[in-house]
Amino acid sequence: MSNSKVNLVTGGAGFLGSHLVECLIKNNEEVICIDNLFTGDKRNIEKWKNNPKFEFIRHDITEPIFLEVGKIWHLACPASPVHYQHNPIKTAKTSFLGTYNMLGLAKRLKAKILFTSTSEVYGDPEVHPQPESYRGNVNTIGIRSCYDEGKRIAETLCFDYKRLHNLDVKVARIFNTYGPRMVPNDGRVISNFICQALSNKELTIYGKGDQTRSFCYVNDLIEGLIKLMNSDLSGPVNLGNPEELRIIDVANIIQKKVPNSAKISFKELPQDDPLQRKPIIKLAEEKLNWRPKTTLSEGLDKTIEYFQQLIN
Ligand code: NAD
Ligand code: UDP
């Protein structure tokens, strides 16, 4: 039987997962975190070790698990290209089998389940900015496909469980999110540039740096996930900050913020790197009353401070 008071957070030792756990614990809720610690870190959840409302289970979601919970926040999946390309077959298994196992658990318990999809389902978008109705331009056989197609089939599974079993599913399409507890040097652009700037290494721009992304601060994003879980919306719903920037501009902003940063160097653009990305968030604004509040400048200051402490 479902224990409606308990939250299950998969990937809870990771970047977004640990921030979500933090919010749930602050709300005095019970949390079970499961994570195989592939890209997650026990230090991210260390502070709740002795909290009776928190429990950590080291488990790989490609295997089934039997627990009694009321809400499932399904985040487990490596998110940075370096990590998800490390073992692409495992990434695809995590997306498909992991989501299948979590949907099966939700079905047995009649629990609500929120799945963290991604803007990567839009691939290298030919429609700009991206509304939820855009069906995407994804390479099925490229180096990003294990992640992009993995998330697409996981979305498909979510909506088939909803149609067939009347499951209460929620799908968030998350756009690039940054903040404290990102893994340093995990290859993502904000963590890379900040760590490079702080250690006086050249900031590596892939390609000419005129590709764009839209960056959301982690606290804003977590607020969006919580609003989605507490709503009657299934989505998919875009969650991200619509402020769009060229990668070269991001490098320049970080250079200005970190004294004595080294220069910029240009490297080869990885295969299938999307040229542009910016969410339309009208659905989240109207149905969830959600919009990001943190400016890039404020968010970067907090992230730089975090990496400064970590590096020193
Ligand atoms: P992350 O790599 O920091 O966290 C993922 C967590 O999942 C890690 O703790 C990892 O150890 C765990 N994990 C991976 N495979 C697992 C498995 N098979 N079994 C159990 N645990 C496993 O990444 P994140 O940035 O926190 O991303 C969390 C979720 O949000 C992911 O599903 C990701 O696709 C999605 N997302 C993130 C972003 C972003 O910008 N951060 C953007 C879009 C979507
Ligand atoms: N990028 C870059 N230098 C880096 C890391 C990334 O120029 O050191 C670029 C990358 O090619 C992409 C953008 O920054 O165009 C965002 O990369 P990230 O891996 O953070 O996210 P994603 O490509 O998955 O949106």
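Every number here is computed from the coordinates shown, using simple stated rules; none is lab data. Computed from a predicted structure; not experimentally measured. Here Cβ is always computed from backbone atoms with ideal geometry, including for glycine, and neighbour counts include all displayed protein chains.
Does the range 277-303 hold any residues that are under 18 Å from the mean Cα position of the chain (by Cα) and polar (S, T, N, Q), and which are they?
Scanning the range 277-303 gives T294, T303.
Considering only the range 60-107, state which residues are surrounded by fewer than 16 Cβ atoms within 10 Å (Cβ to Cβ), more than 19 Å from the chain's Cα centre (by Cα) and within 11 Å of ligand 1 (Cβ to nearest atom).
Hit for the range 60-107 is E63, nothing else.
Output yes when any residue across the range 39-55 is more than 14 Å from ligand 1 (Cβ to nearest atom) and either in a helix (DSSP H, G or I) or of a type in the set (V, I, T) (or both), and no when none is.
From the range 39-55, those more than 14 Å from ligand 1 (Cβ to nearest atom) are 47-55; that's our starting set.
Those left that are additionally either in a helix (DSSP H, G or I) or of a type in the set (V, I, T) (or both): 47-48.
Looking through the range 39-55, at least one residue is more than 14 Å from ligand 1 (Cβ to nearest atom) and either in a helix (DSSP H, G or I) or of a type in the set (V, I, T) (or both).
Being charged (D, E, K, R), surrounded by 18 or more Cβ atoms within 10 Å (Cβ to Cβ) and within 30 Å of N260 (Cβ to Cβ) is the requirement here; does R173 meet it?
Working: charged (D, E, K, R): yes; surrounded by 18 or more Cβ atoms within 10 Å (Cβ to Cβ): yes; within 30 Å of N260 (Cβ to Cβ): no.
Spelling it out, it is not the case that R173 is charged (D, E, K, R), surrounded by 18 or more Cβ atoms within 10 Å (Cβ to Cβ) and within 30 Å of N260 (Cβ to Cβ).
Only one residue in L269, L203 is surrounded by fewer than 20 Cβ atoms within 10 Å (Cβ to Cβ) and among the aliphatic types (A, V, I, L, M), so which one is that?
Among L269, L203, only L269 is surrounded by fewer than 20 Cβ atoms within 10 Å (Cβ to Cβ) and among the aliphatic types (A, V, I, L, M).
How many residues are acidic (D, E) and surrounded by 15 or more Cβ atoms within 10 Å (Cβ to Cβ) if we restrict to the range 227-261?
Just the residues of the range 227-261 that are acidic (D, E), to begin with: 232, 243-244, 249.
Next cut, surrounded by 15 or more Cβ atoms within 10 Å (Cβ to Cβ) only: 244.
Counting residues in the range 227-261 that are acidic (D, E) and surrounded by 15 or more Cβ atoms within 10 Å (Cβ to Cβ) gives 1.
For the range 153-202, enumerate the residues that are out of contact with any Ser or Thr (no Cβ under 8 Å at 6 or more places or on another chain) and of a type in the set (K, R).
R163, K201
Considering the range 145-203 alone, what residues qualify as being in a helix (DSSP H, G or I), within 10 Å of ligand 2 (Cβ to nearest atom) and among the charged types (D, E, K, R)? First the steps, then the outcome.
Restricting attention to the range 145-203, the residues satisfying the condition of being in a helix (DSSP H, G or I) are 145-165, 189-198.
So of that shortlist, the ones also within 10 Å of ligand 2 (Cβ to nearest atom) come out as 147-148, 189-193, 195-196.
Selection gives D148 alone.
Quick one: in the range 133-170, which of the residues that are touching a residue at least 24 places away in the same chain (Cβ under 8 Å) and among the acidic types (D, E) is surrounded by the fewest Cβ atoms within 10 Å (Cβ to Cβ)?
Only one residue tops the list, namely D168.
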